[in-house]
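Each remark here refers to the structure printed beneath this line.
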Amino acid sequence: MFLYTKQYGLGAEEEDILVRCVSVLGNLADQLYYPCEHIAWAADTKILHVDSARWWMLSMTFWGLSLLLGIAKSLWMVLKLIQRLRSPTVACTSQLSWSKRRAMEAQIQSELLILLSNLADLANAVHWLPPGVLWAGRFPPWLVGLLGTISSILSVYQAVRASGWADTATS
């Protein structure tokens, strides 16, 4: 995660300023989430002598923030891509524009899968917050497991698609 954040930096190569800002803030939330989670775990296992509840709350807050930023980014990307697809300049008059159209449709599908995964994770993140915060602690165990499974399956599917393995397996 750190290497990705370091490589992305301030997103200088990103064309859309909103995507750049949301991505940088999401990367920052991710980088703050992990140490907080590790400190909370170390406190629970008595390696560190600090109040784990505060660190778990901070960890869940950064995780939720990261997920909200990811959801906002995916929604924005889907809206922008649909807007571009519907614009008159993206007409299917040549093979090149047809391939661009297919690439944009694939990117929309990818963003929608990321969106669904983040929504499932966000529902679980809120569930693990202290009681009294939205629906915290109200999910039955089967729903927590189902949401985690959905998110994991979507993430694995995305990784397989990105590697190109799915294309070679079906050819």
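The values are calculated or read from the model by the stated rules, or taken from the named source; none is laboratory data. Because the structure is predicted, anything quoted here is derived from the model rather than measured. Counting neighbours? That spans all protein chains shown, and the Cβs are built from the backbone with ideal geometry, glycine included. Surface accessibility is based on the protein's heavy atoms, side chains included, excluding ligands, DNA and RNA. Shrake-Rupley method; radii C 1.70, N 1.55, O 1.52, S 1.80 Å.
HN-Hα J couplings of the range 129-135 from phi, Karplus 6.51/-1.76/1.60, θ = phi - 60°, integer Hz, Gly and Pro as x?
Values per residue, Gly and Pro as x: 6, x, x, x, 9, 6, 9 Hz.
Sorted by mean Cβ packing within 10 Å, highest first, what order do the peptides 35-47, 109-121 take?
Values: 35-47: 14.8, 109-121: 18.6.
The most tightly packed comes first, giving 109-121, 35-47.
For residue 48, enumerate residues with amide H under 5 Å from its amide H, sequence gap 5+ or separate chain, H modeled in the peptide plane.
Excluding prolines and chain starts, which carry no amide H, the hits are 43.
Please list 144, 156, 133, 19 in order of solvent-accessible area, largest first, computed with a 1.4 Å probe with all protein chains present.
Largest accessible area first, the residues go 156, 133, 144, 19.
What residues have an amide H closer than 5 Å to that of residue 136, excluding those fewer than 5 places away on the same chain, when H is modeled at 1.01 Å from N in the peptide plane?
Those lying under 5 Å, H to H, from residue 136: there are none.
Kindly write out, for the range 140-149 in residue order, the coupling ³J(HN,Hα) from the Karplus curve 6.51 cos²θ - 1.76 cosθ + 1.60 (θ = phi - 60°), rounded to whole Hz, with x marking Gly and Pro.
x, x, 5, 6, 4, x, 4, 4, x, 5
Got a sec to turn the phi values of the range 55-65 into Karplus ³J(HN,Hα) couplings, 6.51 cos²θ - 1.76 cosθ + 1.60 with θ = phi - 60°, whole Hz, x for Gly and Pro?
Per residue, the Karplus-derived 3J(HN,Hα) values read 5, 5, 4, 5, 4, 5, 5, 5, 5, x, 4 Hz.
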